[in-house]
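Worksheet: one structure, shown below.
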Amino acid sequence: QVQLVESGGGLVQPGGSVRLSCAASRIIFSIYDMGWYRQAPGTPRELVAVTTSGGSTNYADSVKGRFTISRDNAKKMVTLQMNSLKPEDTAVYYCNARWGTNNSWGQGTQVTVSS
């Protein structure tokens, strides 16, 4: 069973930066599409960014130019660098691994953007 463990969340001021990491285990990491999703209270979970097994990336319009997703297949890790944070970025951020019908989630890490 795939295991995903996120780290790096916390409280940050508007305009600040946070780096989230997701460590994967029990997975052939290189064949999976890896993504970050987020969910704010009372809203559905939404895609933030994804990096495919082929190395391409895709971002939600709301984070383009501010967030960067990257992966390290050797270390089985995916990171999300978040810059120029806004209060509306406040949410629980979840790591996701997807391959075919296999779809796994981490436990989530809270990011709060507030002064």
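Okay, here's what the table says:
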read-out: Scattering profile of the chain at q = 0.19, 0.20, 0.21, 0.24 Å⁻¹ [log10 I(q)/I(0), Debye over alpha-carbon scatterers]; value: -0.93, -1.03, -1.13, -1.43
read-out: Average accessible surface area per residue within the chain, 1.4 Å rolling probe, Å²; value: 52 Å²
read-out: Nearest-20 debye value, the chain charge dipole, Cβ charges on Lys, Arg, Asp, Glu; value: 200 debye
read-out: Low-density loop positions, trypsin sites (Lys or Arg not before Pro), the range 34-108 - DSSP coil, at most 14 other Cβ in 10 Å; value: K64, K75
read-out: Cα-based reach from K64 at 20 Å (exclusive), listing lysines while leaving out same-chain residues under 8 positions away; value: K86
read-out: Mean separation of Cα contacts under 8 Å (6+ apart) over length of the range 62-115, as relative contact order %; value: 28 percent
read-out: Extension gain from S115 to K86, taking 0.36 nm per residue of separation minus the Cα-Cα distance; value: 9.4 nm
read-out: Cβ-based charge dipole, the chain, positive-most Cα from G55, T68, N103; value: G55
read-out: ³J(HN,Hα) computed for each position of the range 45-56 - Karplus, 6.51 cos²θ - 1.76 cosθ + 1.60, integer Hz, glycine/proline x; value: 5, 10, 6, 9, 7, 9, 10, 7, 4, x, x, 7
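The values are calculated or read from the model by the stated rules, or taken from the named source; none is laboratory data. As the structure is a prediction and not an experimental result, all values here were calculated from the model. For neighbour counting, all protein chains shown are included, and Cβ atoms are generated from backbone atoms with ideal geometry for every residue, glycine included. Each accessible area value is taken on the protein alone, full model and side chains, heavy atoms only, with ligands, DNA and RNA left out. Shrake-Rupley method; radii C 1.70, N 1.55, O 1.52, S 1.80 Å.
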